[in-house]
Amino acid sequence: MFSYSLIVEQILLGLMNGGIYAAVGVGLTMIFGVMKLSNFAHGEFYMLGAYFTFALVNSLGSDPFLMGPLSALGVGLVSVILNKLVFSSLYKELREVKGSAAFFFQDLRFIMLTIGLSILLVDLALVVWGPIPINMSSALTSIIIKLPGDFSFSLARIVTFFLALTSLIALYLFLKITKTGKAIRATAQNPAAAALSGINTNRIYDITMFISTTLAALAGGFLGAIYSLYPTMGLDVVVKAFVVVIVGGMGNLVGSIFAGFLIGFAEGLGGVYFGTEYRQVVAFVIMILVLWFRPKGILGRGG
Amino acid sequence: MLGITRQTITKDGKYYILLFIALLPLPLAGDYVTHIAIMIMIYSVTSASLNILVGYTGRLSLGHAAFFAIGSYTSTLLSMNLALNPWLGIIVGGLLAALFGLVLGIPSLRLKGPYLAISTLGFGIIVQLLLINLDWLTRGPIGIPNIPPLPGGMIDLKIKSNFFYVALTVFILIIFLLGLLIKSRVGKILIAIREDEDAALSIGINVSLFKIFAFIVSTFFAGVSGGLYAHYLRYISPAMSALSESIHILSMTIIGGIGTTIGPLLGATLITILQEVLRPYLEYRYLIYGSLIIVVMKYFPSGMHALLQVIIKGVRK
């Protein structure tokens, strides 16, 4: 019924998308693991990454793949400022009520704060860049690489995929080896004990925010060159990223990476069999199955 | 049996009758104000229904608009395709929404916080996708125009001031019932579950049963308000089930004052009026809306209800 090459092509495409889901999901799971914050505004940093890249490309006349990392750093800085303005003073309150009845309201308060931030940032993009989707061209999108077996992908996609993979591996090593990485993991496990042993937890929160949003913005900048830019592009991604985080286990970094690829793969396959209009449902079906059989995620909750 | 005394009913009833009487002359202010008032009352019901789930039982939902949409589509399609009386259609719409609430509620029993939020969010997106893609039934993304109005016998309910009294009666009735529910033993059980699920379980409360009950009641009234909306505006579309709509309803509940009887009414009033006031600044509307949510949540996490209480106390002194 379906040609073999179509299925393989969709799966490869799905896996490439999976790399992006993983990059955005990993940031989300880090913020959850370290700050206990369900960041519904996470997709907006992805969106800002794309628009910042566009602004840089527009004014400097360079390639999105060169300007992407630069704009991602800018988005990271913006997120740290927002973190200081909105959330910093509240983390302690949230920590103090953990386990008590008031925790539900504090948690809800955080979720609403991130939703408010998301609404605000989407409208900001709408005001600044307008509602019409913007296409950003890159030299890499026009170079088509032929793979054995009749498949061809643009160089942009392949570069994006490998950059996503590289930054995920770099992040993993950073958290495992460096002192700051260990401090982040210590704060995630027990903030009070981490503070007692001399870790400045507020600084750790800033660093975590910076790393997570930079990753999302990087993904946004590169994908912006492949697809197009529109103000609500972050909303579609954040939903997918949350699914990734739940499937992988909240706060579990490796789980999120694994889940990102799994969902990309399943979407590619699901798109072939059920039609692209139901593609989005595939991710939710996987999530429901995981919540049903393994509520703590495929790889369990991480530290 | 329910733990409500006759005194509570008459005492509460008095306030609701007073509110009813106070609002009676509102249509004199013209069609525009009447329209806004009707929208506020419909959204108050939706937001109060969400409050049962979020405010009293402690279950966060980001998909409440889906039940609103299910109620409105059911009632609309039944009245248009099967010529069912829209009054009956609204009830059936509520029941179908409650059935979906049951379907979502059972697997969600074990879920909490962000997990439940994402599951309900996913439910809302799936409902929206179905409304868009099952176009033989729902007429696809363009929505359904020319929905029959509510039949009122001799009274033409297409006229806003007439519809206002229907909406007012339904609104007062539902708010009164939900208020009584919370004051009853059932309401106290729901609050106990919110405060400490394990403790509630340890004193022999069937926690699962009451959580599902909260889901059913909440989604039923969301469906009813959806039906009312459909036969009032007479146009519905799949966008009604969008995440932004769920957030809209949730922010009414939370900004008004979560877990309070009048909070949802205050929130629905503030946000509906705010949206109207900001209509000329269409582009900046959500900028202000988002900032408002941030400011309220950061500095007044208990919402307008608590603010109102502070003011009332100040006046009494």
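The values are calculated or read from the model by the stated rules, or taken from the named source; none is laboratory data. All figures in this text were calculated on a predicted structure; none of them were measured in a lab. For neighbour counting, all protein chains shown are included, and Cβ atoms are generated from backbone atoms with ideal geometry for every residue, glycine included.
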Going residue by residue through region A:242-265, is there one that turns out to be crowded, with 22+ Cβ neighbours inside 10 Å, aromatic (Phe, Trp, Tyr), part of a helix (DSSP H, G or I) and within 11 Å of chain B (Cβ to nearest Cβ)?
yes
Test result for residue A:45, assigned to a helix (DSSP H, G or I), away from chain B (no Cβ under 14 Å), within 16 Å of the chain's Cα centre (by Cα) and under 19 Å from residue A:212 (Cβ atoms)
yes
Counting only residues that are surrounded by fewer than 14 Cβ atoms within 10 Å (Cβ to Cβ) and in contact with a helix residue (DSSP H, G or I) (Cβ under 7 Å, 6 or more places away or on another chain), region B:14-27 contains a total of 0
Can you pull out every residue in region A:160-174 that is hydrophobic (A, V, I, L, M, F, W, C) and surrounded by fewer than 18 Cβ atoms within 10 Å (Cβ to Cβ)?
A:162, A:165, A:169, A:170, A:173, A:174
Restricting to region A:90-122, and then to whatever is assigned to a helix (DSSP H, G or I) and basic (Lys, Arg), can you tell me which residue is modelled with the lowest pLDDT?
A:95
Residues of region B:260-291 satisfying the condition of being under 12 Å from residue B:304 (Cα atoms) and within 14 Å of chain A (Cβ to nearest Cβ)
B:260, B:263, B:267, B:271
Restricting the search to region B:120-171, which residues are charged (D, E, K, R) and in contact (Cβ under 8 Å) with a residue 12 or more places away in the chain?
B:160
For region A:237-256, indicate whether the set of residues that are within 25 Å of residue A:123 (Cα to Cα), in contact (Cβ under 8 Å) with a residue 60 or more places away in the chain and not hydrophobic (A, V, I, L, M, F, W, C) is non-empty.
yes
Please determine whether any residue of region A:59-78 is surrounded by fewer than 24 Cβ atoms within 10 Å (Cβ to Cβ) and among the polar types (S, T, N, Q).
yes
Just checking, which of A:75, A:97, A:80 is within 19 Å of the chain's Cα centre (by Cα), farther than 25 Å from residue A:155 by Cβ and of a type outside the set (Ser, Thr, Tyr)?
A:80
Would you check which residues across region A:79-103 are aromatic (Phe, Trp, Tyr) and either surrounded by 19 or more Cβ atoms within 10 Å (Cβ to Cβ) or touching a strand residue (DSSP E or B) at 6+ places or on another chain (Cβ under 9 Å) (or both) and list them?
A:87, A:91
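This table checks each residue for (1) closer than 28 Å to residue B:88 by Cα; (2) buried (at least 21 other Cβ atoms within 10 Å of the Cβ); (3) among the hydrophobic types (A, V, I, L, M, F, W, C).
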| position | (1), (2), (3) |
| --- | --- |
| B:175 | yes, yes, yes |
| B:186 | yes, no, yes |
| B:203 | no, no, yes |
| B:216 | yes, no, yes |
| B:222 | yes, yes, yes |
| B:226 | yes, yes, no |
Is there a residue being touching a residue at least 60 places away in the same chain (Cβ under 8 Å), more than 30 Å from residue A:140 (Cα to Cα), more than 10 Å from chain B (Cβ to nearest Cβ) and not in a helix (DSSP H, G or I) anywhere in region A:53-67?
no
If a residue must be within 9 Å of another protein chain (Cβ to nearest Cβ) and in contact with a Ser or Thr (Cβ under 7 Å, 6 or more places away or on another chain), how many such residues does region A:117-140 contain?
2
The condition from (1) surrounded by fewer than 22 Cβ atoms within 10 Å (Cβ to Cβ); (2) touching a residue at least 60 places away in the same chain (Cβ under 8 Å) that residue B:113 misses is numbered (2)
How do the helices (runs of 4 or more DSSP H) wholly within region A:123-240 filter down when requiring 1 or more residues that are over 27 Å from residue A:51 (Cβ atoms) and polar (S, T, N, Q): which remain?
A:179-189, A:201-226
Do you know which residues across region B:295-304 are assigned to a helix (DSSP H, G or I) and either away from chain A (no Cβ under 13 Å) or hydrophobic (A, V, I, L, M, F, W, C) (or both)?
B:295, B:296, B:297, B:304
Only residues that are β-branched (Val, Ile, Thr) and more than 9 Å from chain B (Cβ to nearest Cβ): list them for region A:72-116, please.
A:75, A:78, A:80, A:81, A:97, A:114
Mind listing whichever residues of region B:305-317 are assigned to a helix (DSSP H, G or I) and either among the charged types (D, E, K, R) or within 14 Å of chain A (Cβ to nearest Cβ) (or both)?
B:305, B:306, B:313, B:316
Output the number of residues of region B:250-259 satisfying the condition of being modelled with pLDDT of 90 or more and either assigned to a loop (DSSP other than H, G, I, E, B) or away from chain A (no Cβ under 12 Å) (or both).
1
Return the pairs, sorted by first residue and then second, in which the second residue is surrounded by fewer than 19 Cβ atoms within 10 Å (Cβ to Cβ) and not in a helix (DSSP H, G or I), the first residue lies in region A:5-33 and is within 14 Å of chain B (Cβ to nearest Cβ), the beta carbons are less than 9 Å apart, and the residues are 6+ apart or on different chains.
A:33/A:301; A:33/A:303
Only residues that are crowded, with 16+ Cβ neighbours inside 10 Å, over 20 Å from the mean Cα position of the chain (by Cα) and within 10 Å of chain B (Cβ to nearest Cβ): list them for region A:266-284, please.
A:278
